[in-house]
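Below is one structure, written out as structure tokens; the observations come after it.
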Amino acid sequence: MGKLEKRIRKLVSQPNNGDYEELRYVLLGIGCSERMGGKGSHVIFTHQKAEISITVPIQKPLRRSYVLNVIKLFGLKETYDEIIGRLS
């Protein structure tokens, strides 16, 4: 299992313990681009093919709602289920 798969697995199985760096690694790994949203403490991740854009604050710990939103928008739950299926 690769690093990206491990981090997806961690985010999906433990959304309460989300970390900005973990979420950033996953989003960049699935093809999102990153840009700062001005002077503030938020980063905007955009996925061109899926036409999805999400704003995430740079904070620790990351709120559960941001992690769950990313899981839902990018279908990470299905990706997690595929990973578990391969390990079984």
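The values are calculated or read from the model by the stated rules, or taken from the named source; none is laboratory data. Bear in mind that the values here come from a model prediction, so they are computed numbers and not experimental data. Heads up, the Cβs are rebuilt from the backbone with ideal geometry, glycines too, and the neighbour counts pull from every protein chain shown.
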Among the residues of region 27-38, is any touching an Asp or Glu at 6+ places or on another chain (Cβ under 8 Å) and assigned to a helix (DSSP H, G or I)? yes
For region 11-24, give me each residue that is of a type outside the set (Asp, Glu), assigned to a helix (DSSP H, G or I) and over 12 Å from Val70 (Cβ atoms). Ser13, Asn16, Asn17
Counting just the residues of region 71-88 that are at pLDDT 80 or above and out of contact with any Pro (no Cβ under 9 Å at 6 or more places or on another chain), which one comes out surrounded by the most Cβ atoms within 10 Å (Cβ to Cβ)? Phe74
Considering Ile44, Ile8, which residue is of a type outside the set (S, T, N, Q), over 20 Å from Asp81 (Cβ atoms) and either within 12 Å of the chain's Cα centre (by Cα) or not in a loop (DSSP other than H, G, I, E, B) (or both)? Ile44
Checked region 23-66 for anything surrounded by 13 or more Cβ atoms within 10 Å (Cβ to Cβ), out of contact with any strand residue (DSSP E or B) (no Cβ under 9 Å at 6 or more places or on another chain) and in contact (Cβ under 8 Å) with a residue 40 or more places away in the chain; matches are Val26, Arg64
